[in-house]
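My structure is below; once you've seen it, I'll send some questions.
The values are calculated or read from the model by the stated rules, or taken from the named source; none is laboratory data. Worth saying up front: this structure is predicted, and the values here are computed from it rather than measured. In this analysis, Cβ positions are derived from the backbone assuming ideal geometry, glycine residues included, and neighbour counts consider all displayed protein chains.
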Amino acid sequence: MHAPTSIAGLLWVGLLAAVPTSEPPGTRRAQADGGECGAWRIEYVANVNLRLSDTPMGAGDGVYKVGPGSVVLRFEDKDRQPGGHVDMLSYRTSENFTIVSKALFWKTTVKTRATTRATPDQCGVVANGSLQSNTLVWSSPVRGCRTDGTLHCDGSLCGKFGAPPEGTSELHVPPHPVTFKPFGFGKGLTTFTMDYALSSRSESPKQTAHVALSAREVRRSCVPVPTCR
């Protein structure tokens, strides 16, 4: 794993929005037409909780809400319902948050404005897994997670102890794999949550980052069986 170079680390999802109570319209339409679904594509809107620890003097330790983001999953069709093999087709989130650190007599503010995205393989897939009951267990890490954006540092610690330099600087975290924890789904796969998973460790700045995810469905469609895996 390549270590990120930002005070923000890698990021990723927080508060669960309202859960739909009716059957997703895409499911109803596909079944009413009488056609057979080869696979199911479900899009989720997501937020991210980022937990930072091991920062110098504990100045940046804490939990930060970032996002919004999006996750797109493709499920195998099992008896006209999503199930079986699962491909993650997309992971993307914005990281717009501010860290105000106070250590001894120093106060420093770091604003992060960035986007993190996963990199698909030759089949357009960023991770693989399987649905077991209501739990999605991953068999691969999320591939090629990279972050690009800017940092703005203002205060006494800027440029010290691995903090960003004074003013605005570019943020580029090279692609690296991130191992997700299982996704726990609600009824009908309309929502999911993920417990904190390690996303990065770095020495410059010195920090450890974990992310927790939650999401709700916004769109569902019946799609052809993938020809590439």
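Taking GLY167, is it of a type outside the set (Ser, Thr, Tyr) and on the phi > 0 side of the Ramachandran plot?
yes
If PRO141 meets every condition in (1) closer than 17 Å to GLU43 by Cβ; (2) within 13 Å of the chain's Cα centre (by Cα) apart from one, which number is that one?
Going through the list (1) closer than 17 Å to GLU43 by Cβ; (2) within 13 Å of the chain's Cα centre (by Cα), PRO141 breaks only (1).
Okay, moving on. Considering each residue of the range 107-139, count those that are in contact with a Pro (Cβ under 8 Å, 6 or more places away or on another chain), in a loop (DSSP other than H, G, I, E, B) and either among the acidic types (Asp, Glu) or over 30 Å from SER169 (Cα atoms) (or both), and give that number.
Count: 1.
Within the range 36-106, considering only strands (runs of 3 or more DSSP E) that don't extend past its boundaries, which have at least 2 residues that are modelled with pLDDT of 90 or more and acidic (Asp, Glu)?
Hits in the range 36-106: 62-78.
Please go through the range 67-108 and give me each residue that is among the acidic types (Asp, Glu) and in contact with a Ser or Thr (Cβ under 9 Å, 6 or more places away or on another chain), ordered by number.
Once the filter is applied, which keeps residues that are among the acidic types (Asp, Glu) and in contact with a Ser or Thr (Cβ under 9 Å, 6 or more places away or on another chain), the range 67-108 yields GLU76, GLU95.
Taking interchain pairs and intrachain pairs at least six residues apart, which have beta carbon atoms under 6 angstrom, with the first residue in the range 39-52 and under 9 Å from LEU213 (Cβ atoms) and the second of a type in the set (Phe, Trp, Tyr)?
Hits for this filter: VAL48/TRP12.
Every residue, every condition in (1) of a type outside the set (Val, Ile, Thr); (2) closer than 20 Å to GLY84 by Cα, yes or no:
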residue	(1), (2)
VAL142	no, yes
THR168	no, no
HIS176	yes, no
PHE180	yes, yes
HIS210	yes, no
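Okay, next question. I'm trying to understand the selection: among the residues of the range 170-181, which are in contact (Cβ under 8 Å) with a residue 40 or more places away in the chain and over 13 Å from the mean Cα position of the chain (by Cα)?
The answer is LEU171, HIS172, VAL173, PRO174, PRO175, HIS176.
Right, something else. Any idea which of PRO175, PRO226, PRO182 is in contact with a strand residue (DSSP E or B) (Cβ under 6 Å, 6 or more places away or on another chain) and crowded, with 16+ Cβ neighbours inside 10 Å?
So the residue among PRO175, PRO226, PRO182 that is in contact with a strand residue (DSSP E or B) (Cβ under 6 Å, 6 or more places away or on another chain) and crowded, with 16+ Cβ neighbours inside 10 Å is PRO182.
Is one or more of the residues making up the range 208-222 in contact (Cβ under 8 Å) with a residue 12 or more places away in the chain, acidic (Asp, Glu), touching a helix residue (DSSP H, G or I) at 6+ places or on another chain (Cβ under 9 Å) and part of a strand (DSSP E or B)?
yes
Looking at the range 127-155, which of its residues are charged (D, E, K, R) and closer than 22 Å to HIS176 by Cα?
ARG143, ARG146, ASP148
Looking at (1) surrounded by 15 or more Cβ atoms within 10 Å (Cβ to Cβ); (2) within 26 Å of ILE42 (Cβ to Cβ); (3) not β-branched (Val, Ile, Thr), which is the one condition that is false for ASN134?
(1)
Still on this model: How do the pairs read when you match residues in the range 184-196 that are within 22 Å of VAL63 (Cα to Cα) and free of Cβ contacts under 8 Å to residues at least 24 places away in the same chain with residues anywhere that are buried (at least 18 other Cβ atoms within 10 Å of the Cβ) and of a type in the set (Gly, Ala, Ser), using Cβ under 8 Å and keeping only pairs 6 or more apart or on different chains?
From the range 184-196, the pairs are ASP195/ALA212.
Filter the range 160-189 down to the residues that are more than 30 Å from LEU73 (Cβ to Cβ) and part of a loop (DSSP other than H, G, I, E, B), then identify the one that is modelled with the highest pLDDT.
Among them, the one singled out is PRO165.
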